[in-house]
Amino acid sequence: SARGLLNFEGSDPHALEAGLASAEESFGTTDVIGHRKFRVPGSVETVDFRSQDPDGPYGGDLLALRSGSYPAGPGQVALTEGVAQLLDVELGATLDLDGRRRMVVGMVENPRELSDEFALVSPSSAGAPDTVTVLVDTDQEAISAFWRAQGDRSAAVGSRLRGNYQPAPELAMFSVATVF
């Protein structure tokens with residue numbers, strides 16, 4: 001799985017494209033996840049429309065299908081349980097937050113962070129992202145070299161290394177909290 005996450009700003013498409021090309025050149029295999037925020041009508045809440053390839057090289061451990069199917073085209077979306085509840089929709093319903101009517105075809109989650117709430121759309125139908133997360137399999141030295149090479153020519157705004165996922169402590173905390 002990917003150990004590094006690179007974050008890019010999406011406001012300048014040319015700078016974003018240059019940054020993504022540079023990341024691919026520097027790290028080889030990458031997995032790109034786009035994010036767009038939309039306000040829920042009549043609410044202060046926002047929904048993260050996430051474009052992610054379910055079969056991407058690194059994102060598989062960040063995306064799980066719970067029911068239905070992954071979105072495969074422009075008229076489809078899959079939701080996390082929290083977003084479905086917020087919008088009061090279920091499988092088969094239509095949704096229009098981004099100006100496009102989409103049918104809810106699946107329920108998804110991020111198994112590594114169950115509190116992560118989003119609407120998943122296919123990368124081909126996502127539109128221009130507000131931000132982009134790029135997953136790469138690398139170390140701190142390679143990320144530092146990437147930053148030195150970037151200068152002002154890309155939209156890169158941050159990065160971090162993911163720690164090894166160890167569910168045992170989390171499970172223990174959940175168990176203790178449940179008992180109390």
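General remarks:
- Dividing the summed helix terms, -39500 (n - 2.57) for each DSSP H run of n ≥ 4, by the number of residues in the chain produces a 222 nm estimate of -8000 deg cm²/dmol to the nearest 500.
- Potential extension, Leu86-Arg101 segment - 0.36 nm per residue separation minus Cα distance: 3.7 nm
- Segment Ala128..Ala142, full-extension length gain: 2.2 nm, with 0.36 nm per residue of separation and the alpha-carbon distance subtracted.
- Alpha carbon centroid spacing (whole Å) that separates the stretch 69-120 from the stretch 1-15: 23
- A cut-off of 5 Å between modelled amide H atoms, ignoring neighbours fewer than 5 places along the same chain, links Asp130 with His35, Arg36, Lys37.
- Relative contact order of the chain, taken over Cα pairs closer than 8 Å and 6 or more residues apart, is 38 percent.
- R0 of 41 Å, Cβ-Cβ distance Arg66-Ser11: FRET efficiency to nearest 0.05: 0.80
- Accessible surface calculations at 1.4 Å, restricted to protein heavy atoms, place the chain at 55 Å² per residue.
- Accessible area of the chain belonging to carbon and sulfur atoms, whole % at 1.4 Å probe: 51
- Computed over the chain with a Gaussian network model linking Cα atoms closer than 10 Å, the most mobile of Ala145, Ala155, Ala15 is Ala145.
The values are calculated or read from the model by the stated rules, or taken from the named source; none is laboratory data. The shown structure was predicted, so the numbers you read here are calculated from the model rather than taken from an experiment. Cβ coordinates were reconstructed from backbone atoms using ideal geometry, including for glycine residues, and neighbour counts include every protein chain displayed. What goes into the accessible areas is simple: the full protein's heavy atoms, side chains included, and nothing from ligands, DNA or RNA. Shrake-Rupley method; radii C 1.70, N 1.55, O 1.52, S 1.80 Å.
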